[in-house]
Every structure is written in structure tokens, then in C-alpha cells.
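Report on the structure given below.
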Amino acid sequence: MSNLNELSQLLKEIEDQLADCMKCGMCQAVCPVFTETGDEGDVARGKIFLLERLGDQLLHDAKGAKKRIEKCLLCGTCGANCPSGVKIIEIFLKARAALTTYVGLSPVKQIIFRGMLKHPKRFTGLVDLASKFQGLGISKANIDQGTCCSKMMSGLIGDRHFKPLAKKPLHKICPELDTAPGKSGIKVAFYPGCVVDKMNPEIGEAALKVFAHHGVGVFMPANQACCGIPALASGDKQTFENLLDHNISRFSNAEFDYIITPCATCSSTIKEIWPMMAGGQDSKHYPAIKMLSEKTMDISQFLVDVLKVTPVQGGGKAAKQVTYHDPCHLGKSLGVYSQPRTLVQANPDCELVEMNEADYCCGNGGSFNLQNYDLSCEIGMRKRNNIVATGADIVATSCPACMMQMTDMLSQNNDTIRVKHVIELYADSME
């Protein structure tokens with residue numbers, strides 16, 4: 001009965017929001033998926049048309065509707081360009097939750113989300129174990145990019161090139177932290193996110209180095225959980241809410257001025273999606289969610305807007321040319337564009353070289369990349385070509401997921417351009 005009540009509530013919320021769409025087609029002009037497929041059903045307008053008949057779809061082809069709604073990057077480009085201000089991402093997330101409530105999760109996703117991700121200690125332990133044995137099923141793909149591939153798992157992951165799991169994840173390098181404010185007088189809660197913790201701990205270490213340099217106190221509790229967006233994007237609202245509850249218990253009772261993340265997706269999830277999907281003001285956790293949302297900032301935004309980091313002035317020719325890719329969840333969702341570029345320019349060894357279509361989606365989209373890898377690669381190649389055209393030595397960004405996608409595309413094309421997080425470049429300037 002609770003599932004039926006939840007489904008009814010979600011359908012009502014979706015119905016109330018669909019009326020705002022004028023079917024003008026502006027979303028068609030900017031959608032990365034539609035650009036590649038030319039299929040009206042792949043664009044926001046087409047999906048909204050389908051959702052207007054969702055009740056009928058649930059009865060006649062619920063699985064087909066679910067597949068169509070999930071063929072979306074959730075990049076937010078449509079919403080950012082919508083003249084009517086339709087809350088498209090909110091509609092799509094609620095639609096995915098409604099369809100999953102009705103159809104159910106696939107067995108594989110049940111294992112991943114409810115068997116592992118929902119339980120942070122279990123998930124971390126399994127990933128730690130996997131890192132010890134990962135060498136058995138992978139081989140080196142590109143030495144310059146440090147990537148691997150896996151013929152054994154190609155049926156599941158395709159021919160992608162990927163960075164292996166970290167030999168020593170961030171939670172083992174620094175299990176937890178609680179330091180007092182220094183010269184800045186500011187204390188932050190640090191939320192590194194799953195990919196930084198388990199695959200790119202060097203990003204987390206760079207962030208901690210920068211905080212120490214600026215005299216910023218850090219609260220980093222042990223046993224943090226995923227922000228929940230992978231589960232929610234697959235319609236698993238139950239796992240999302242469990243992860244939300246867990247993170248609230250980790251952070252809500254501590255004293256800090258800001259919650260800082262080096263992951264664009266985590267930033268936008270905590271700041272926008274947590275309060276959007278957590279049940280509104282009737283939720284028992286609403287005050288804590290509202291507080292965390294209001295305090296959340298991307299790390300580059302914090303350093304530039306709060307600590308007043310500025311570009312280095314003058315000097316000769318820089319040693320490295322750096323181009324910057326705008327993650328969709330940072331630029332289109334949160335409006336953070338200039339701050340990451342300022343961090344690049346704050347390193348005297350780096351010269352910023354803008355690429356064409358810097359804010360065009362890289363094509364990752366989390367689970368979209370897993371379910372639609374060939375299409376993801378087509379979108380990713382457009383980004384790769386724009387990167388290479390700059391002649392840059394490094395492509396920097398602010399999202400670990402974007403880093404994975406760009407690394408894959410560059411590696412498969414034998415490009416030597418390195419992929420870095422902007423906080424790594426800024427931290428390098430302190431040596």
C-alpha cells in the first residue's frame with residue numbers, strides 16, 4: 001500500500017509540473033542526445049509528451065516508458081535553456097522514481113544499490129577488496145593516460161578505457177579529520193564523494209593541502225555515504241533516502257561554516273536535489289537538509305568567492321597550456337563558470353586556453369554511460385575533438401565523472417593530453 005501511495009503522490013507532482021511546458025522546441029536545439037540521434041523521443045519535449053500520458057503508459061508499456069525516460073544524460077541543458085522555466089530535471093527524476101516504483105529495479109541494480117550502495121561500510125569494504133584483485137581481469141590500455149581495459153568484462157562495460165581503483169583510497173590515507181580554524185577563521189565540512197575517495201584520492205589530498213595552506217579548519221567524518229544520485233537517477237528513491245539519512249547523521253550535528261565538495265555532481269545533488277526530493281517541509285529531516293543545502297559550495301567557488309583567490313598577474317610564458325571543461329552540474333545547475341578558471345590562472349605555470357563549446361556535455365551522465373555506451377562515446381568524441389583542437393597540454397575540470405569520460409576518449413585516441421582537477425593545479429602552485 002505504501003508503494004501505491006508513493007506512486008500516486010509522484011504522479012500528482014509530475015502532472016502539476018507538466019503544464020508549464022509550451023512544447024516550443026528550444027530543448028531540441030540544445031540536447032546532446034538529440035543532436036546525435038535525431039529522435040524526437042530523446043529530447044525533453046518528447047519525454048514530456050510521453051509523461052502526459054504516463055497513466056496509460058503504466059498500464060500498456062511501463063518498461064518501454066522507463067527505457068525512454070532513462071535515455072537522458074540529466075545534464076540540465078534543456079532546463080537551462082527553457083524559456084518557460086520548466087523544472088525538467090525534477091520532472092524526470094520523479095518520473096524515473098514513479099516508473100521504478102511500478103516496474104521495480106532490475107536484479108543487477110538491486111544488488112548494486114540495495115545490496116551494496118545502501119550500506120556505506122559494506123560498499124567501501126567491497127570496493128577495497130576489489131582493488132586488491134582488480135589486476136586479474138584488466139590490462140594496460142594507454143601508458144600516457146594511465147588507463148586500463150578489460151576484455152573479460154567487455155560484455156558489461158564495453159571497450160572503455162578506465163583508471164583502476166586507487167591502491168590506497170582517501171579513507172585510508174585520511175580516515176577522518178576535525179581541525180580547528182586557522183588564520184582564515186573558517187571551518188568547512190569536507191565531502192569528497194565516492195569517485196574521489198575510491199579512484200582519485202589525489203584530488204582529496206590536494207583539497208586538504210589547500211585548506212591547510214589557507215588556514216581553514218576541516219571536519220571530515222568517517223564512513224560518509226554516496227550522495228545518492230546514482231540510485232535516484234535509476235529511480236531507486238528508497239536507496240536515495242537511506243543514503244540521505246546516513247549523510248545527515250554524519251554532518252548535521254557538527255559545527256562548520258560551509259560544506260565543500262570537489263565533485264560538481266555531489267555539489268548540485270546536495271544543494272539542489274536533496275531538498276527537491278526529500279519530501280519538502282513536511283519531512284522530519286527538512287531543517288537539516290535545508291541547512292546543508294544552503295552551506296554547500298563547490299571547492300573553486302569557496303576558494304575564489306570566500307577566500308578571495310585571484311589570478312597571478314604578469315610573468316613570462318607559462319610552462320603548461322590548460323583548457324577547461326565546464327561540468328553540466330556545476331555550470332548549468334549552479335552557475336559556477338569563472339571560479340574554476342580563476343584557480344587555473346592562480347597557478348603561474350598555467351596558461352588558460354579556452355576550447356570551443358567548453359560547456360557542452362561530455363556525454364558521461366553516470367548510468368547513461370553504462371546503459372548507452374556507444375551513444376555516450378559519440379557525444380564524448382565531440383568533446384575530445386574540441387580539447388585536442390586547443391593544443392593544450394592539460395584539460396582541467398571540476399567533476400570526477402567528467403574526468404573519467406574525457407580520459408576514456410583521449411586514451412582511446414592515443415592522445416597525450418593529461419586530465420586534471422582544477423584543485424590539483426592550484427595545489428601544485430603551493431609547492
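The values are calculated or read from the model by the stated rules, or taken from the named source; none is laboratory data. From a predicted model like this one, the values you see are computed outputs, not experimental measurements. Neighbour counts run over all protein chains shown; Cβ positions are idealised from the backbone, glycine included.
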State yes or no: is residue 403 more than 26 Å from residue 191 (Cβ to Cβ), crowded, with 24+ Cβ neighbours inside 10 Å and at pLDDT 95 or above?
no
For the stretch 47-74 the number of residues that are under 22 Å from residue 366 (Cβ atoms) and either touching a residue at least 12 places away in the same chain (Cβ under 8 Å) or surrounded by 22 or more Cβ atoms within 10 Å (Cβ to Cβ) (or both) is 14
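Run down 240, 251 and say which single residue is under 30 Å from residue 428 (Cβ atoms) and either aromatic (Phe, Trp, Tyr) or surrounded by fewer than 24 Cβ atoms within 10 Å (Cβ to Cβ) (or both).
251
Would you check if residue 392 is in a loop (DSSP other than H, G, I, E, B) and farther than 23 Å from residue 140 by Cα? Before you say what the answer is, go through the steps one by one.
Working: in a loop (DSSP other than H, G, I, E, B): yes; farther than 23 Å from residue 140 by Cα: yes.
Criteria met by residue 392.
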Given (1) at pLDDT 90 or above; (2) surrounded by 15 or more Cβ atoms within 10 Å (Cβ to Cβ); (3) farther than 30 Å from residue 60 by Cα, index of the condition residue 150 fails
(1)
Taking the stretch 210-255 and the residues there that are among the acidic types (Asp, Glu) and farther than 25 Å from residue 369 by Cα, the one that is nearest to the chain's Cα centre (by Cα) would be 245
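Need a quick list: helices (runs of 4 or more DSSP H) entirely within the stretch 267-344 having at least 2 residues that are at pLDDT 95 or above and charged (D, E, K, R). Spell out the reasoning first.
Numbers: elements: 274-277, 286-295, 328-331.
It comes to 286-295.
Within the group 347, 364, which residue is in a loop (DSSP other than H, G, I, E, B) and farther than 28 Å from residue 90 by Cβ?
Working: 364 fails: farther than 28 Å from residue 90 by Cβ.
Just one listed residue meets the conditions, 347.
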I'd like to know if the stretch 377-388 contains one or more residues that are over 26 Å from residue 143 (Cα atoms), crowded, with 18+ Cβ neighbours inside 10 Å and in contact with a helix residue (DSSP H, G or I) (Cβ under 7 Å, 6 or more places away or on another chain).
no
How many residues of the stretch 15-61 are on the phi < 0 side of the Ramachandran plot and in a loop (DSSP other than H, G, I, E, B)? The answer is 11
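Here's a check for you: in the stretch 160-214, which residue that is of a type in the set (Lys, Arg) and crowded, with 18+ Cβ neighbours inside 10 Å is farthest from residue 132 (Cα to Cα)?
First pass over the stretch 160-214, keeping only residues of a type in the set (Lys, Arg): 160, 163, 167-168, 172, 183, 187, 198, 209.
Now restrict to residues that are crowded, with 18+ Cβ neighbours inside 10 Å: 160, 163, 187, 198.
Numbers: 160: 21, 163: 14, 187: 35, 198: 12 Å.
The residue in question is 187.
With the stretch 73-178 as the region, which helices (runs of 4 or more DSSP H) entirely inside it contain at least 2 residues that are under 15 Å from residue 194 (Cβ atoms)?
Details: elements: 77-80, 88-103, 120-133, 154-157, 170-173.
In the stretch 73-178, the matching helices (runs of 4 or more DSSP H) lie at 120-133, 170-173.
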Report yes if residue 105 is among the aliphatic types (A, V, I, L, M), under 30 Å from residue 6 (Cβ atoms) and surrounded by fewer than 15 Cβ atoms within 10 Å (Cβ to Cβ), otherwise no.
no
Check 395, 312, 306 and return the single one that is buried (at least 20 other Cβ atoms within 10 Å of the Cβ) and either in contact with a Lys or Arg (Cβ under 6 Å, 6 or more places away or on another chain) or touching a residue at least 24 places away in the same chain (Cβ under 8 Å) (or both).
395
